[in-house]
Amino acid sequence: MITRTQRDEHAINAFARRLDLGKLSPEQFIQLLETLHMLGTSGAGVELPSLTTETLVDLVQRASREQIKAIAEHAELRSVFLDEIFRRMSDHFVADRAKHVNIVVGWRFSDGDGEDGFDRFQTVIEDGFCVSSADLGRTPDTTITVSAEDFIRMATGITAAATMFVTGRVRVKGEYAPAVRLSSYFDIPTPRR
């Protein structure tokens, strides 16, 4: 028997996959996401966190550069997307690839609402586990600074992390090698082609 929650999750995923994003301006795209977010926070059963990772990746892949930039520039939606990505990191962590790795990565996203104009998160990989959150209270071994727009693209597999490092769109303070290897510890979703 399908529960109401499962039916609602199926509906939001089907809706997101059917969207023709090419017909939406960045402003319309943001209005749509704001409406979905509002429905979720009002308890209507339609919420962005219900999107499967595959649907979220597909949505980002089909979105234009301007639409992704609009998400990154919208304080509330940027926060929702960053929270979702970090919440899902442990689900995509491959412990076998990170044997004997113990690292604390601090993330700084420019143009944020936090301290010094940055949104901040941390990822801790220790003893075969990965935990990510807005504040884990740990001292980072490495701090990665990147725009939210570029991070959304990297985290969803749209842009290769190596490309971002080579082009200077990602800045690293602290241990550089672990930052470069970080993406290899995750099964980054592959967008549909």
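Hey, with R₀ at 35 Å, roughly what FRET efficiency would D127 and A14 work out to, going by the Cβ-Cβ distance, to 0.05?
0.35
Rounded to two decimals, what is Rg over Rh for the chain when you use alpha-carbon atoms and the Kirkwood radius?
Expressed as Rg/Rh, it is 0.97.
On a full-extension model of 0.36 nm per residue, what is the gain between S64 and H92, subtracting their alpha-carbon distance, rounded to one decimal in nm?
7.6 nm
With n ≥ 4 as the cut-off for DSSP H runs, can you work out [θ] at 222 nm for the chain, using -39500 (n - 2.57) per run divided by the number of residues, rounded to the nearest 500?
Theoretical 222 nm ellipticity from helices: -14000 deg cm²/dmol.
Could you work out how far apart the two model spin labels at D116 and E76 are, taking each label as a point 7 Å from the Cα in the direction of the beta carbon, and quote it in nm?
Here the answer is 2.9 nm between the modelled labels.
Values quoted throughout were computed directly from the atomic coordinates according to the rules given, and no laboratory measurement underlies them. What you are looking at is a predicted structure, and each value in this text was computed from that prediction instead of being measured. Note that we place each Cβ from the backbone using ideal geometry, even for glycine, and neighbour counts take in every protein chain shown.
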